[in-house]
1. Tell me which of these SER276 doesn't satisfy, since it passes every other one: (1) within 22 Å of TRP56 (Cα to Cα); (2) modelled with pLDDT under 85; (3) among the hydroxyl-bearing types (Ser, Thr, Tyr).
2. What's the number of the condition PRO266 fails, among (1) in a loop (DSSP other than H, G, I, E, B); (2) under 18 Å from the mean Cα position of the chain (by Cα)?
3. Here are the criteria: (1) β-branched (Val, Ile, Thr); (2) part of a helix (DSSP H, G or I); (3) modelled with pLDDT under 80. Tell me which single one VAL101 does not satisfy.
4. Do we find a residue being touching a residue at least 40 places away in the same chain (Cβ under 8 Å), over 25 Å from SER86 (Cα atoms) and not in a loop (DSSP other than H, G, I, E, B) anywhere in the stretch 292-308?
5. Examine the stretch 293-308 for a residue that is out of contact with any strand residue (DSSP E or B) (no Cβ under 9 Å at 6 or more places or on another chain), more than 22 Å from PHE236 (Cβ to Cβ), open to solvent by less than 30 Å² (accessible area, probe 1.4 Å) and at pLDDT 90 or above, and state whether such a residue exists.
6. Can you tell me which of (1) within 25 Å of ILE167 (Cβ to Cβ); (2) small (Gly, Ala, Ser); (3) in a loop (DSSP other than H, G, I, E, B) is the one ALA93 doesn't meet?
7. Anything in the stretch 175-189 that is in a helix (DSSP H, G or I) and touching a residue at least 40 places away in the same chain (Cβ under 8 Å)? List them, or say none.
8. Among residues belonging to the stretch 211-234 that are under 24 Å from the mean Cα position of the chain (by Cα) and open to solvent by less than 60 Å² (accessible area, probe 1.4 Å), point out the one that is nearest to LEU82 (Cα to Cα).
Amino acid sequence: MNLRPGVLLALLLAAGLLCVLAGVLVGSTGWADLQDEGMSVILWEIRLPRSLGAWWAGALLGMAGAISQGLFRNPLADPYLLGSASGAQLAVAITLAFVGVSAQHASLLADVGLTGIAFVGTLIGVGLTLVLARGVEQTLRLLLAGVVVGVVLNALTGLATLWAPDILRAMQAFLLGNTGLLGWSSVSVMAASGALALIIGLLASPALDALTLGEATAASLGVRMPLVRLLLIFAFALATGAAVAQTGIVAFVGLVAPHLVRAACPTLHGRLILLSAAAGGALLLAADVLARALVRPQELPVGLVTALLGGVYLLVLMHRRGTPKR
């Protein structure tokens, strides 16, 4: 399949719009009763911002995945590569351990703002990676530093949960992804972050195209690699941090969305970033609708659904590429 970029973008946006409609009409109790006057509050104040927020979170992760894969020239790179997710989960774990998760502390947590704390943790994780890598000059050093920071911060998160085991349930909700708390403020934050990250990604996309030929070739074409790396790391760290802070750790969306776009429409990085954002939004929102509908009246964690769907897709892709041609 080889679609034109404009056609694919239209299809992805149409799929996202249909998923928004389904997200508004489908809840944990089934289809919405539009004749019920009290249902309008649920539709417009709960389900609509949740659906739009889920789309924006997926768009941020898809965009971040496309940027990170182009920057590191690795199709297996994902938005959590530089310790962003590990930093966010450690910050949330430490906050919950000190503040507590009992009912009397709920208002304090609301005032502190776990989403803001998770975002700060994301920036700290990426910052530690940059410090350990001694800047952004060497791609391999960045990758290795990201792996080391991720392992260490994950270990510290484990220690925090052992020290305060009562936070384990709350941490599990964060680690498996949760869209149930998204509101209009979440949509605004993610939309603003996504717009800024998209502008940076589009402006730096010619450098990503040149980078596919190798760093030496890109430098010979006049690309200022240290500056480009710094801008792109800021862009996908901002996108990832905004998504993780609002929805927790959602697996595979940032990895799979660029792969789907490349399979349907091989294109340059400018269009790839935009199309990956649209694909990521549709993927996460579709997974969110499935998470609400599959085991009604309960809900599955959306990160669990994306992990299952993404894992199946990658297994199928691996099988197809591993099958010899006759």
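The values are calculated or read from the model by the stated rules, or taken from the named source; none is laboratory data. From a predicted model like this one, the values you see are computed outputs, not experimental measurements. When we count neighbours, we look across all protein chains shown, and the Cβ atoms used for this are built from the backbone with ideal geometry, even at glycine. Note: accessible area is taken over every heavy atom of the protein model, side chains too, but ligands, DNA and RNA are not part of it. Shrake-Rupley method; radii C 1.70, N 1.55, O 1.52, S 1.80 Å.
1. Result: SER276 fails condition (2) only.
2. For PRO266, the failing item is (2).
3. (2)
4. yes
5. Here is the first cut: in the stretch 293-308, the ones out of contact with any strand residue (DSSP E or B) (no Cβ under 9 Å at 6 or more places or on another chain) are 294-295, 298-308.
Applying the additional criterion that residues be more than 22 Å from PHE236 (Cβ to Cβ) yields 294-295, 298-301, 304-305, 308.
From what is left, the residues that are open to solvent by less than 30 Å² (accessible area, probe 1.4 Å) are 305.
Filter once more, so that each one left must be at pLDDT 90 or above: 305.
Within the stretch 293-308, one or more residues are out of contact with any strand residue (DSSP E or B) (no Cβ under 9 Å at 6 or more places or on another chain), more than 22 Å from PHE236 (Cβ to Cβ), open to solvent by less than 30 Å² (accessible area, probe 1.4 Å) and at pLDDT 90 or above.
6. Result: ALA93 fails condition (3) only.
7. Of all residues in the stretch 175-189, those in a helix (DSSP H, G or I) come to 175-176, 184-189.
Answer for the stretch 175-189, where residues must be in a helix (DSSP H, G or I) and touching a residue at least 40 places away in the same chain (Cβ under 8 Å): LEU175, LEU176, TRP184, SER186, VAL187, VAL189.
8. Restricting to residues being under 24 Å from the mean Cα position of the chain (by Cα) and open to solvent by less than 60 Å² (accessible area, probe 1.4 Å), the top hit is ILE233.
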